[in-house]
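Reviewing the structure listed below.
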Amino acid sequence: MSDAPRSHGRKTIRPSLKPRDLMSEAPALARAWHAQVITLFPEAFPGILGLSLTGKALQQELWQLQTVPLRPFGEGKHRNVDDTPAGGGAGMVLRPDVMGAAIEHARSQQAPGAPLIYLSPRGKPFSQEMARDLATRPGVTLICGRFEGLDQRVIDHYRIAEVSIGDYVLTGGELAAQVMLDAAVRLLPGVLGNADSTEEESFSDGLLEHPQYTRPAEWQGRTIPDVLLSGHHGEIAKWRRQQSEDLTRTRRPDLWNALKTRKDFT
Ligand code: SAH
């Protein structure tokens, strides 16, 4: 009964100008940055990524989002994807055979240079540097865990890199996947209107960003620092640099110390 032909988690919708459609099928857009997300909850995508700059870029086909639903790879009539932990204990673990089949399916449609990453609280902490690296690749395949996570054998077998978005535990990898994709997609060429804005923002040079101001010139009795209204570009740059350094030193001594040990730091 469980051997009936099954779907392989592949939808047949072709890309169109709607994010919902764009994200559901294999790479028809030869050169677009290709994000794949293996998940039990494909309906969580594109989520926030369908809005604003990332959403516009999805419509413009600067990147594409393909969800690979895990459920169709499940076992038996109920398409079970999980089982109880070996050795006992609370919760459920995602089965390696089920996840393995989903990974094989996804990777057969992905460029070899795209990393395979499992979102996991045990992973390497996600950073701007990792986002920049992802943006230079042809794309990425992300695996969203649920319950107690993945069977270790599937992680070992495919040599999957584990990445964490911070020291807290979420119920699933979907939000973490959207965080990583947002950070990477905004660095793709053409996604942000003003390319300079990714060169000067926080972390790009190891420093936090200086304070920003806009109109009105006075609000609640507070004014904008004179130097920013002076028109002296050299002085403005100096002030901003000083603010960045002060903020980084006081708020993030870890970043500040790392920077000071860098040879090119002046
Ligand atoms: N038992 C696991 C936590 C499982 S949480 C442990 O203690 O390490 C369920 C899923 O949510 C995980 O498989 C992972 O995909 C995702 N997740 C939870 N916290 C995360 C984090 N900080 N970063 C990335 N993914 C996370």
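The values are calculated or read from the model by the stated rules, or taken from the named source; none is laboratory data. Every value quoted in this text rests on a predicted model; they were computed, and no experiment measured them. Positions of Cβ are backbone-derived with ideal geometry, glycine not excepted, and every protein chain shown enters the neighbour counts.
Brief remarks on what is shown
- Residues located in region 146-173, provided they are hydrophobic (A, V, I, L, M, F, W, C) and in contact with a Gly (Cβ under 8 Å, 6 or more places away or on another chain): Phe147, Val154, Ala161, Val163
- Among the conditions (1) surrounded by 11 or more Cβ atoms within 10 Å (Cβ to Cβ); (2) under 29 Å from the mean Cα position of the chain (by Cα); (3) charged (D, E, K, R); (4) outside any loop (DSSP other than H, G, I, E, B), the only one that Asp246 does not satisfy is (2).
- Condition broken by Pro42, with the remaining ones in (1) within 18 Å of the chain's Cα centre (by Cα); (2) surrounded by fewer than 16 Cβ atoms within 10 Å (Cβ to Cβ) satisfied: (2)
- Scanning region 113-149 for residues that are surrounded by 18 or more Cβ atoms within 10 Å (Cβ to Cβ) and farther than 15 Å from Gln36 by Cβ yields Ser120, Phe126, Met130, Ala131, Ala135, Gly145, Arg146, Gly149.
- Counting only strands (runs of 3 or more DSSP E) that sit wholly inside region 110-219, those with at least 1 residues that are touching a residue at least 12 places away in the same chain (Cβ under 8 Å) and away from the ligand (no atom under 16 Å from the Cβ) are 139-143.
- The condition of being assigned by TED's automatic domain parsing to the domain that holds Pro69 and crowded, with 16+ Cβ neighbours inside 10 Å does not hold for Gly166.
- Taken across region 210-225, residues that are loosely packed, with under 11 Cβ neighbours inside 10 Å and modelled with pLDDT under 95 do not occur at all.
- Qualifying residue in region 44-62 (condition: away from the ligand (no atom under 16 Å from the Cβ), modelled with pLDDT of 95 or more and closer than 26 Å to Tyr158 by Cβ): yes
- Residue ID - nearest to the ligand (Cβ to nearest atom), chosen from residues in region 88-107 that are buried (at least 21 other Cβ atoms within 10 Å of the Cβ) and part of a helix (DSSP H, G or I): Met99
- Complete set of residues in region 106-137 that are over 14 Å from the mean Cα position of the chain (by Cα) and under 16 Å from Leu65 (Cβ atoms): Ala106, Gln109, Gln110, Ala111
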